[in-house]
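So the structure is just underneath, and the comments pick up after that.
The values are calculated or read from the model by the stated rules, or taken from the named source; none is laboratory data. Computed from a predicted structure; not experimentally measured. All Cβ positions, glycine included, derive from the backbone under ideal geometry; neighbour counts span all protein chains shown.
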Amino acid sequence: MEQPFTLWHYDGESGLRRTPRLIADDAGFTLVDERGSDGPIGWDALVARGTSGGEAVYGLKERPGWRLGLGGAIPEEIARRLPQPERYGGFIDRIGLVRASAIFLAIAATVVFAVMSAPRWIAPHVPPSFEKKLGDAIVGDFGGRFCNGPGGQAALDALTRQLNPKRLPLEVRVAKVPMVNAVALPGGKIVIFDQLLKEANSADEVAGVLGHEIGHVQNRDVMQALLRQAGLSVILGGMSGDAGGYFNALLSATYSREAERAADDASIAAMKRAQISPAATAGFFARLGVMEKKLGQASVALNYLSSHPLSGDRERLFADSAARNAQYRPALTRDQWEALVDICSNDPDVKDDMGWLGR
């Protein structure tokens with residue numbers, strides 16, 4: 001069957017956005033791409049989750065992180081089987097469907113245009129109190145997946161202090177998630193996935209990544225990226241919105257080239273001030289790039305590279321920023337680094353399932 005409509009998919013087990021084919025029949029459908037298949041899934045298992053960027057979004061009743069987005073000219077044989085969003089009466093019944101539709105369309109068009117076309121100037125005006133509450137909601141969605149192995153958080157706090165010269169109100173945690181990634185959230189929250197720690201060879205390598213995320217917080221890039229990716233729902237949904245969905249949006253969001261360069265510059269400046277060599281981060285980027293070329297879509301490194309595009313320029317920027325005669329020192333002691341790397345494996349109570357994504 002030809003598929004003349006747009007389709008994207010999150011499986012709830014990774015942060016990768018996929019574009020599979022949808023094979024449908026009367027009972028349900030199966031999603032198929034080069035990584036395998038997901039299905040068959042019954043039509044009655046789908047739940048309407050609103051819209052994102054003009055596309056209809058659906059979830060699964062028993063898989064909280066699972067998302068399917070459909071847009072464009074959805075074939076009738078598929079569209080008629082999809083669950084319908086909640087219907088509203090009251091106001092519409094009083095003024096009539098046509099008039100209500102016109103009013104809602106005008107309001108939506110105005111607000112969507114403002115939000116989607118100008119996140120750069122909207123984001124700085126989002127109150128910090130709103131950002132903090134939104135960040136708290138997203139962090140709260142992690143449940144027991146933050147790691148608390150002995151000495152690990154203290155080591156991470158020590159590293160954060162060195163890279164936070166402006167003393168921003170930050171909360172940096174490690175989560176047991178099998179992705180090589182780190183993400184800045186609204187309200188000064190930063191989450192490092194433990195797989196990134198496992199791939200790193202030293203605290204100096206992690207310092208460059210953490211400094212980069214702190215740079216995004218410092219420059220207030222996070223709300224801009226979230227507004228660009230999730231659009232109107234961030235403002236209108238607020239704390240009653242889909243916190244896990246916002247997290248997924250940040251995982252798949254990409255910052256502008258200017259924002260990425262500014263965050264890199266902030267990271268390098270903080271590392272220099274702390275006497276940590278930027279060369280280690282350059283080496284880390286080089287290894288991730290090699291890993292991506294060898295493993296392609298299956299690479300755990302791709303999770304980081306998909307949201308933080310790695311160019312030769314970025315690698316060279318960190319490498320060239322290392323002064324030849326500078327007196328650098330390790331970002332952490334050996335004991336601190338070992339405690340940080342093992343922060344999840346030494347925590348017997350941490351959860352490690354991925355079902356929370358997109359809840």
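Observations, loosely collected:
- One residue from V206, V217 being under 15 Å from D264 (Cα atoms), touching a helix residue (DSSP H, G or I) at 6+ places or on another chain (Cβ under 9 Å), touching a residue at least 60 places away in the same chain (Cβ under 8 Å) and part of a helix (DSSP H, G or I): V206
- Any chance L226 is at pLDDT 90 or above and either closer than 17 Å to A137 by Cβ or part of a helix (DSSP H, G or I) (or both): no
- Summed over region 160-178, residues that are surrounded by fewer than 24 Cβ atoms within 10 Å (Cβ to Cβ) and either under 23 Å from E260 (Cα atoms) or without any contact (Cβ under 8 Å) to a residue 24 or more places away in the chain (or both) total 13.
- Remark: N148 falls outside the filter, which requires a residue to be touching a helix residue (DSSP H, G or I) at 6+ places or on another chain (Cβ under 8 Å), in a loop (DSSP other than H, G, I, E, B), in the same structural domain as G188 (by TED's automatic domain parsing) and modelled with pLDDT of 85 or more.
- Residues in region 12-36 that are farther than 15 Å from P83 by Cβ, out of contact with any Leu (no Cβ under 9 Å at 6 or more places or on another chain) and outside any loop (DSSP other than H, G, I, E, B): D33, G36.
- None of L60, L46 is farther than 17 Å from A79 by Cβ and surrounded by 16 or more Cβ atoms within 10 Å (Cβ to Cβ) except L60.
- When A200 is tested against the conditions (1) at negative phi; (2) surrounded by 21 or more Cβ atoms within 10 Å (Cβ to Cβ); (3) under 15 Å from the mean Cα position of the chain (by Cα), the lone failure is (3).
- Some residue of region 321-338 being at pLDDT 80 or above, among the basic types (K, R) and part of a helix (DSSP H, G or I): yes
- Index of the failed condition, G65 passing every other in (1) more than 18 Å from T6 (Cα to Cα); (2) surrounded by fewer than 18 Cβ atoms within 10 Å (Cβ to Cβ): (2)
- Qualifying residue in region 270-288 (condition: modelled with pLDDT under 90, over 27 Å from L168 (Cβ atoms) and in the same structural domain as V139 (by TED's automatic domain parsing)): yes
- Filter pass, K166 being assigned by TED's automatic domain parsing to the domain that holds S256, more than 20 Å from N346 (Cα to Cα), charged (D, E, K, R) and more than 19 Å from the chain's Cα centre (by Cα): yes
- Residues of region 172-181 that turn out to be at pLDDT 90 or above and either closer than 30 Å to P127 by Cα or polar (S, T, N, Q) (or both), as a count: 4
- Selection within region 136-145: residues that are modelled with pLDDT under 80 and in contact with a helix residue (DSSP H, G or I) (Cβ under 9 Å, 6 or more places away or on another chain). The member of this set that is surrounded by the fewest Cβ atoms within 10 Å (Cβ to Cβ) is G140.
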